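Quick notes on the structure that follows.
The values are calculated or read from the model by the stated rules, or taken from the named source; none is laboratory data. Not measured: the values here are computed from a predicted model. In this analysis, Cβ positions are derived from the backbone assuming ideal geometry, glycine residues included, and neighbour counts consider all displayed protein chains. Ligands, DNA and RNA are stripped out before the accessible areas are found, and what is left, the full protein with its side chains, is counted by its heavy atoms. Shrake-Rupley method; radii C 1.70, N 1.55, O 1.52, S 1.80 Å.
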Amino acid sequence: MREAVKNTKLTEDCGKEVIRAFVEELIPQLTVEEKIGIMSGQVTEQKLMDDLFVIEHYNVKPYPTMEVERLGVPNVRFVDGPRGVVAGSATCFPVSMARGATFDRELEEEIGKVIGAEVRAVGGNYYGGVCINLPRNPRWGRAQECYGEDQYHLGEMGAALTRGVQSQNVMACIKHFALNSIENARFKADVQISKRALHEVFLPHFKRCIEEGAASVMGAYNKVLGEQASESSFLLRDILRDKWGFEGFTLSDFLWAVKDGVKGVKGGMNIEMPCFCHYIEDIPKALEDGRLEMADLDEAVGYILRTIYYYETRKDPQEYGEDILACDKHVQVAKRAAQESMVLLKNEGKVLPLDKQKTEKIVVLGVLGDIENIGDHGSSKVHPYYTVTPFKGLMKKMPRAQILYNDGKNIERAKELAADADAVVIVAGYIHSDEGEFLADRSDIAEMGGDRVSMRLHQRDIDLIEGVKGICKNTVVSIVGSSAILIDEWESDIPAIIFSFYSGMEGGNALADILFGDACPSGKLPYTVAYSEEDYPYFDPDCEEITYEYYHGYCKMEKEGKKVLYPFGYGLSYTEFAFGKPEAEVFADTAKISVSLKNTGSVAGAEVVQLYVGCEGSKVDRPVKVLKDFARVELAPGEETKVSLSVSKADMAYFDEEKDDFVAEDIKYIAYVGNCSAKEALQKVEFTF
């Protein structure tokens, strides 16, 4: 057990009922000031601003709530994410969107274990990095912090991270609840939405993580249906507590999420972070004039303490010295994540993998070719002690080759270099100033990104690509960014294209492994790449009010008959896979869909088998199909296996707004099985429950 609770009568691994009884006895012993302290962060606003803009290391140490030492009451010690631990100098993983491209639940759980251990190593017990908002439009600046456009996929990956983090007795926080997917307007946007869209599209992934046992939920800055999300009893009580049975505690986004302390407490916001702010000002007065009762505080404190005591009394699976921060074992997990995440979009003429024996001169072009580019510089910024750039990764991979770097600003010089090279690698895309977290009233800070201005590459990158195309037959473009980037204007001119994301501290090494075949690409797009920005939902980064509609992503493209450049779930490999004919078996209210998968190529590789389900004869409008299961399968050359996926009748229910609940239908369902969402890549089989 941790130090704060050793002097209590609680024992190691004691049950929840024992903890509940203990907390009920404890709460009356707390003063009002102590209760408010337990419900409030202890960092001063000046300290927070200094961390952000002076020290330039936000959350350099865990941000705490009040610890009541006289009663052995432990506190929350907050550490942010989700690329890794932002405190100290920790392992920097690829951004969540990149990890979403792995479709690898087991790897994401392993990443969670590493992150949880490193949270403990820096003195934390709470991880604010399970970001599962749905990026309805790729221009959202913080899309990189989430896993992708599909709600089922979001929920599965978020649940895996939650499992891993909490296995180290660290409380995992899922965020931002709810409907937070515009960055520049996050402090003022009022999101309007139908109940059906809310429950079917924008909340299922949160519910999935609650079912997985997530300890905490962070509220959002934006408004929902006219109320501050972090003060909304509709979200925090009606849905989170009453519908889903959540027993953990809620915590506000920082500084500006709670506007009224009384509304916050009444609405169900248990902790105001990270500073003494509205709660310390508003609660004492509200208790005096009757707007709040002591029972309101006791309810919040009860949720907080029951959760903290549970995790503080669990037996630890390992020790957590600072020496585990970015240790070799953890860095190897980050490298594996980078390898699995990279998506091979195009490989015309099998340009890749490059031949190690014949590739004697490599030219790396582009302003991003030799910079440490790990993503946003806001609250998710990790501070690794090194980061491998694409150029340096290739130098390490090919020490005997001649490897040159040029920023590509002089197109004529770039052409000359390309003409004399065996291979050309153009690195194009974005950095933190193009997309990332936006801070209110800090327009003087040039490094903050906010929402994207465009979904296309910078003109400098397009000019470079157009300038060197066709000169070297072994030309590869590696695209760096968070979410969908539109590339149709030059895509046909380049033989090989890789989407490499913000790939973390080992990204350059992972890219070199992919380019030379030491790792077989297996990443799949966690979003849809369209031809036009207008094919995505309407996006206004300066909105006062906006409506989130039912359709987005691949469901919207299919509904509207839009042709896409690259479909959701798409990604090539250096090997080939053959699917058998899918079969469906129904057991009670669950359908099992089985299909054989064989590696018919010459190298080992991994395929992501995807199950989409549509329905016929529904009484309500439905998408053509939606993702309901997936499995990442690794096979040796010639190896064959049977893959089983499943979907339940409840999984296919729709939300009836009149009944205010989900309704399952006795209709015909169609299972689509394949390796991406494109119609031509799928086989189908019908079934009924």
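Would you work out which of Leu325, His432, Leu287 lies farthest towards the positive end of the dipole of the chain? Charges go on Cβ: Lys and Arg +1, Asp and Glu -1. Towards the positive end, the residue furthest out is Leu325.
Taken one residue at a time, the phi angles of the stretch 448-460 give Karplus couplings (6.51, -1.76, 1.60, θ = phi - 60°) of 7, x, x, 6, 5, 6, 9, 9, 10, 5, 4, 4, 4 Hz. Gly and Pro are set to x. Taking the DSSP bridge list for the chain and keeping only pairs wholly inside it, about 55 percent are antiparallel. Residue-wise HN-Hα couplings along the stretch 617-631, as the Karplus relation 6.51 cos²θ - 1.76 cosθ + 1.60 with θ = phi - 60° gives them from phi, are x, 5, 7, 10, 5, 10, x, 4, 6, 9, 5, 10, 6, 7, 8 Hz; Gly and Pro carry x. Principal-axis analysis of the Cα atoms of the chain puts helix 278-289 at an angle of about 30° to the longest axis. Considering every Cα-Cα pair within the stretch 552-602, what fraction, in whole percent, is farther apart than 14 Å? The share of Cα pairs beyond 14 Å in the stretch 552-602 comes to 70 percent. Between the listed residues Gly88, Met505, Leu515, the Cα displaced farthest toward the positive end of the dipole of the chain, a dipole computed from Cβ unit charges relative to the Cα centre, is found at Leu515. Calculated FRET efficiency, Tyr538 to Val620, Cβ-Cβ distance, R0 = 25 Å: about 0.60 to the nearest 0.05. For the stretch 179-237, the fraction of C-alpha pairs farther apart than 12 angstrom is 69 percent. Counting other Cβ atoms within 10 Å, which chymotrypsin sites (Phe, Trp or Tyr not before Pro) in the stretch 516-559 have at most 16 and lie in a DSSP loop? Passing sites in the stretch 516-559 are Tyr531, Tyr538.
Here the accessible area is traced with a 1.4 Å probe on the protein chains. For the stretch 500-637, carbon and sulfur cover 46 percent of it.
Within the shell defined by Cβ-Cβ distances under 13 Å, the residues around Lys524 carry a net charge of -3, with Lys and Arg each +1 and Asp and Glu each -1. Amide H contacts of Arg456 (H built 1.01 Å from N, in plane; Pro and chain starts excluded): Leu486 sit under 5 Å, all sequence-distant by 5 or more or on other chains.
Accessible area per residue was computed with a 1.4 Å probe on protein heavy atoms; Lys356 scores about 80 Å². In the stretch 493-570, what trypsin sites (Lys or Arg not before Pro) fall in a loop by DSSP, with at most 14 other Cβ atoms inside 10 Å? Within the stretch 493-570, the qualifying trypsin sites (Lys or Arg not before Pro) (loop, at most 14 other Cβ atoms within 10 Å) are Lys563. For Val60 and Asp260, compute 0.36 nm times the residue count separating them, minus their Cα-Cα distance, and round to one decimal in nm. Difference between extended and current length: 69.1 nm. Among the chymotrypsin sites (Phe, Trp or Tyr not before Pro) in the stretch 228-305, none sits in a DSSP loop with a Cβ that has at most 11 other Cβ atoms within 10 Å. Here the stretch 35-155 was treated as a single set of alpha-carbon atoms; its pair distances binned every 10 Å from 0 give 13, 35, 33, 16, 2 percent.
Backbone phi angles across the stretch 290-300, fed through the Karplus curve with coefficients 6.51, -1.76 and 1.60 (θ = phi - 60°), yield HN-Hα couplings of x, 6, 10, 10, 4, 4, 5, 5, 4, 4, 5 Hz in residue order; Gly and Pro are listed as x. Roughly how many debye, to the nearest 20, is the charge dipole of the stretch 554-655 about its Cα centre, given +1 on each Lys and Arg Cβ, -1 on each Asp and Glu Cβ, and no other charges? The dipole magnitude comes to about 400 debye.
Given +1 at the Cβ of Lys and Arg, -1 at the Cβ of Asp and Glu and no other charges, the dipole of the stretch 363-456 around its Cα centre is 460 debye to the nearest 20. Proximity of backbone amide H atoms, modeled 1.01 Å from N, is registered between Phe662 and Asp656 at under 5 Å, excluding neighbours fewer than 5 places apart on the same chain.
If a/c stays under 1.5 just call it rounded; otherwise compare a/b with b/c (prolate if a/b is bigger, oblate if not). Do that for the stretch 247-289, with a ≥ b ≥ c from the square roots of the Cα gyration tensor eigenvalues. Taking the square roots of the gyration eigenvalues as a ≥ b ≥ c, the stretch 247-289 is oblate. Taking 7 Å steps out from each Cα toward its Cβ at Thr641 and Gln402 produces label points 4.5 nm apart. Within straight-line reach of Lys329, meaning a Cα separation under 17 Å, sit the following lysines at least 8 residues removed in sequence or on another chain: Lys113.
Ranking Arg456, Arg241 from most to least accessible surface, computed with a 1.4 Å probe over the protein chains only, gives Arg456, Arg241. From the largest down, the stretch 141-265 spans 36, 30, 26 angstrom on the principal axes of its Cα atoms. Put a plus charge on the Cβ of each Lys and Arg, a minus charge on the Cβ of each Asp and Glu, and nothing anywhere else: the dipole of the chain about its Cα centre is then about 1540 debye. Estimated from helices alone, the mean residue ellipticity of the chain at 222 nm is -7500 deg cm²/dmol (sum of -39500 (n - 2.57) over DSSP H runs with n ≥ 4, per residue). A P(r) calculated from all alpha carbon pairs of the stretch 536-647, with 5 Å bins opening at zero, reads 2, 9, 15, 16, 16, 15, 11, 7, 4, 3, 1, 0 percent. Per-residue surface analysis assigns Lys6 an accessible area of about 110 Å², computed on protein heavy atoms at 1.4 Å probe radius. Less than 10 Å Cβ to Cβ from Tyr405, Lys/Arg counted +1 and Asp/Glu -1: what total charge do the surrounding residues give? The answer is -1. The amide H of Ala87, built 1.01 Å from its N in the peptide plane, has Asp80 as neighbours under 5 Å, considering only residues 5 or more places off or on other chains. Note on surface exposure: Glu108, Glu17 rank Glu17, Glu108 by accessible area, highest first, 1.4 Å probe.
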